[in-house]
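Heads up: the structure comes next, in C-alpha cells.
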Ligand SMILES: [Zn+2]
Ligand SMILES: [Zn+2]
C-alpha cells in the first residue's frame with residue numbers, strides 16, 4: 001500500500017513491531033463491483049418485483065394469504081433490523097441470549113440490506129461522522145439551495161449504495177468478528193436472502209395449492225416486502241436527517257418523525273436515538289410508540305434479554321432543547 005493510497009480516514013495502531021497503518025475505510029474496484037451487484041440484486045430487483053407483483057394482479061387477484069405473508073415477513077424482518085441489526089448488534093443497547101442473537105441475525109439478513117457485519121460497520125461509521133465528511137449517507141453534504149437538498153435526499157435515500165467507501169470491519173466491528181455464530185450467519189448472507197424469498201413462495205403455494213399462489217407469495221411476501229422495508233429504513237437516513245422535530249441536542253441534524261413511529265417500528269425517533277445511542281428505547285417515553293422496544297421488553301420478560309436500561313430523566317433533561325428550537329423544521 002503506497003502512501004498516496006492512504007486516505008485521511010487512516011489511523012495508526014501499535015502492534016508488536018511498531019506503528020502500522022490501519023485504514024478506517026476501504027476502496028477498491030473489487031469492493032465496488034460487489035456493491036454494484038448488491039445494489040442491482042437487492043435494491044433494484046425489489047423495485048422490478050413490485051412492478052411485477054402489480055402486473056401479476058391481472059392474472060391472479062391478490063388473496064388474503066398474500067397480504068398476511070407480506071405483513072408477517074415485513075414485521076419479522078423489520079423487527080430483526082431495528083432490534084437486532086441496530087439496537088443489539090450496532091449499539092449493544094441490551095444483552096440477548098445466543099439463540100435470540102442468531103434468530104435476529106438470520107431474519108435481519110433476509111431483509112436484503114447487507115450482512116449483519118457490513119450493516120453494523122456502516123452504521124457505526126454513520127454515527128461517528130454523522131452529517132460530516134465520511135458519513136456514508138448524509139443528505140446534508142450535497143450543496144445548498146433546492147437542487148442541493150434534492151440531490152442530498154436522493155443520495156442519502158438510495159444512490160449512495162451504488163458505490164461507497166467500505167468501512168473496515170476490523171476497525172468498526174471487532175466485537176462481531178469475535179462472535180463465531182454471528183460470523184457464520186454473515187458468511188451465509190446471500191442464502192438467507194434467498195430463503196426469505198423462497199419461504200413466502202412455498203407457503204403461498206401450499207396454502208393455495210397452486211403455482212400462481214407460489215409466485216404471488218414470492219412476489220408479495222418476498223420482493224414487495226423487501227421493497228417496502230428498504231424504503232422505510234432508507235427514509236430514516238434521508239428524510240429524518242432533514243425534516244422533523246429536534247427535541248434533543250445532538251451534533252448532527254437528526255430529527256424525529258412521530259407520525260412514522262409505528263410503520264418504522266420505533267426508528268422514526270431518530271433524534272432521540274442520536275442523542276442517546278446507548279438506549280434500547282428510541283421513544284424514551286412510554287407514550288411514544290416504539291414497537292422495537294416493546295419486543296425488547298417482551299424478550300426481557302421471557303428471560304431472553306437483559307440489561308435493558310433506558311436513560312434516566314436527569315440525563316434526558318440535560319440534553320433537552322428549548323421548545324422553540326426543538327420544533328425547527330430544517331437546518332439553515
Ligand atoms: Zn444507530
Ligand atoms: Zn442517523
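Computed from the coordinates by the stated procedures, all read-outs in this text should not be read as laboratory data. Note that the structure is a prediction, hence the values are computed from the model and not measured. As a convention, Cβ positions derive from the backbone with ideal geometry for all residues, glycine included, and neighbour counts pool all protein chains shown.
The table below gives the values:
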item: Per-region count, region 113-138, residues more than 13 Å from ligand 1 (Cβ to nearest atom), more than 16 Å from the chain's Cα centre (by Cα) and crowded, with 16+ Cβ neighbours inside 10 Å; result: 2
item: Region 57-71, residues that are in contact (Cβ under 8 Å) with a residue 12 or more places away in the chain and surrounded by fewer than 19 Cβ atoms within 10 Å (Cβ to Cβ); result: 59, 60, 62, 63, 67
item: Selected residue (only one of 182, 141, 176, 150 is surrounded by fewer than 18 Cβ atoms within 10 Å (Cβ to Cβ) and away from ligand 2 (no atom under 16 Å from the Cβ)); result: 150
item: Candidate set: region 260-286, residues that are without any contact (Cβ under 8 Å) to a residue 60 or more places away in the chain and under 16 Å from residue 231 (Cβ atoms); chosen: the one nearest to ligand 1 (Cβ to nearest atom); result: 270
item: Any hit, region 72-88, residues being part of a loop (DSSP other than H, G, I, E, B), touching a residue at least 24 places away in the same chain (Cβ under 8 Å) and either under 24 Å from residue 293 (Cα atoms) or away from ligand 1 (no atom under 14 Å from the Cβ) (or both); result: no
item: Helices (runs of 4 or more DSSP H) contained entirely in region 103-175, each with at least 3 residues that are under 24 Å from residue 49 (Cβ atoms); result: 116-129, 145-157
item: All positions within region 269-295 that are part of a helix (DSSP H, G or I) and out of contact with any helix residue (DSSP H, G or I) (no Cβ under 6 Å at 6 or more places or on another chain); result: 271, 272, 273, 274, 291, 293, 294
